[in-house]
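For reference, the structure discussed in these notes is given below.
The values are calculated or read from the model by the stated rules, or taken from the named source; none is laboratory data. It should be emphasised that the depicted structure is a prediction, and the values quoted were computed from it without experimental measurement. Just so you know, the surface numbers come from the protein's heavy atoms only, side chains and all, with ligands and any DNA or RNA stripped out. Shrake-Rupley method; radii C 1.70, N 1.55, O 1.52, S 1.80 Å.
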Amino acid sequence: MQVNLTVTVIVVAYLLIMLFIGWYSSQRIKSNTDFMVAGRRLGPILMAGTLAATEIGGGSSLGVVQNGMSGYGLSSS
């Protein structure tokens, strides 16, 4: 199997960027309020988008599971 250097570099760069964002964000969180509701600094549009993404993502995931289980039963897992 041949290793593609371009793909490997992209994946490693992505991993390092995600680790940096996580570290940087962890340094800015000082309390539970900062973690749970972003320190109450989000505007109404950003908060609505965050809530919509949570609802749509969760509903989509549960809908796929329900569809798979109702159509194929336990064997779908």
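Quick notes on this structure:
- For the pair residue 70 and residue 13 in one chain, pulling the backbone fully straight at 0.36 nm per residue adds 16.5 nm over the alpha carbon distance.
- Solvent-accessible area, 1.4 Å probe, carbon plus sulfur percent, for the chain: 69 percent
- Segment 1-40 - accessible surface per residue (Å², probe 1.4 Å): 97 Å²
- The chain shape via C-alpha gyration tensor axes, a/c threshold 1.5: oblate
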